[in-house]
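Data block below; observations after.
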Amino acid sequence: VVYLYHNNNKYMKVNLERIFAFDIETAPYQDFSEESPLWDTWRHRWRKENLTDEELLEKYHKEAGLYAEYSQIVCISAGFLHNGTFRLTSYTGDEETLISDFLESVTSFIALRGGAQFLGHNVSNFDACYLRKRYSKFFPMSTYPEFITDLGLKPWTAGDRFLDTLQLWKGMNFMFSSMAEVAIHLGLPSPKSDTDGSMVAQLFKDGEVDRIAKYCEGDVYTSFNILCKWLGEPIVDMVVSTRSLDKPTILKKAIAESAISDKDMDKLNKVIAELPDNEKEMAEKIITAVTTKTKLQKKR
């Protein structure tokens, strides 16, 4: 346990083994139009700006990702410390499933580590709130895990659950800073070198979920190293988990369809190439087993 800061002899304790960093990426619904049941509510939200229908639609595609009522989660990336390295996992695909899988992983993490503090840039005011709202679309709110909810928290107790790098950096100052600004100030690389949040909606429309996940993982990794810099701890190495991006989807598709395309195989090979050496062998065995099974099924 280390201390992030102290004020009048009251210390904020941080146990790096219990830090669970996460970040979500969102995108507006693709089928939004004047026929959508949400069209009138979107117009009403911006009624004071007297926008035309065309301007309303343009504003929707630019800003709706900030509102849980008008958009969806397309990726959740999470990371935590494991044997001195930072292990990352991304959840993509069907929104209901990725939310459920993510919360299941958090539950397992808490069971193993004895607790969790959730880390991220604006995690308490955006990611946690947005996740709760989207959860309610699929599940009863009475089942939402208390350990990650933002409801009922007081400003002076929120830090026990959420380590928000945006709020911790801001303090009492009225100016907000982006994660990239904080990272560069601390001598860390910017996580926005290839992609930024404004590009996510278009990337999702183009089917580039893997690029979204890579960007999301970069934010998670950077937030953890910002915390390490503040604590005077060494910068950690990043390890992408074997459970990521397209691999589970592709393998399930291969088994179900008794086939695996060259394009999907290229994606799997790229995933394997990014794994640490001790995990590559196991991943290659899984791929071999699946592809062998599909070939046998084809012959039958």
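Sum up the charges of everything whose Cβ sits under 15 Å from the Cβ of L51, counting Lys and Arg as +1 and Asp and Glu as -1, but leave L51 out. Taking every other residue near L51 into account, the sum is -2.
Just check the stretch 118-212 against the gyration tensor rule for me: Cα atoms, a ≥ b ≥ c as the square roots of the eigenvalues, rounded for a/c under 1.5, and otherwise prolate or oblate depending on whether a/b exceeds b/c. Intermediate values should be presented prior to the final figure.
Working: a/c = 2.66, a/b = 1.10, b/c = 2.41.
Here the stretch 118-212 falls in the oblate category.
E34 sits with roughly 110 Å² accessible to a 1.4 Å probe, with DNA, RNA and ligands left out of the calculation. Annotation: I184 carries an accessible surface of approximately 110 Å², with a 1.4 Å probe and no ligand, DNA or RNA atoms counted. For the set Y130, Y67, the ranking by accessible area, highest first and with no ligand, DNA or RNA atoms included, is Y67, Y130 under a 1.4 Å probe. Ranking of M175, M238, M265 by solvent-accessible surface, largest first: M175, M238, M265 (1.4 Å probe, protein heavy atoms only, all chains present). Would you please classify the overall shape of the stretch 160-208 from the alpha carbon gyration tensor, given that a ≥ b ≥ c denote the square roots of the eigenvalues, rounded means a/c under 1.5, and beyond that prolate means a/b larger than b/c while oblate covers the rest? Prolate shape, in that a/c is at least 1.5 and a/b is the bigger ratio.
Label-to-label distance, N50 versus N15, with points set 7 angstrom from Cα along the beta-carbon direction: 5.9 nm.
A probe of 1.4 angstrom, applied to the heavy atoms of all protein chains, finds K137 with accessible area near 120 square angstrom. Placing F224, F147 in order of accessible area, with the largest value first and a 1.4 Å probe, yields F147, F224.
The values are calculated or read from the model by the stated rules, or taken from the named source; none is laboratory data. Keep in mind the model is a prediction, meaning the values are calculated, not measured. We place every Cβ from the backbone using ideal geometry, glycine too, and count neighbours over all the protein chains shown. Note: accessible area is taken over every heavy atom of the protein model, side chains too, but ligands, DNA and RNA are not part of it. Shrake-Rupley method; radii C 1.70, N 1.55, O 1.52, S 1.80 Å.
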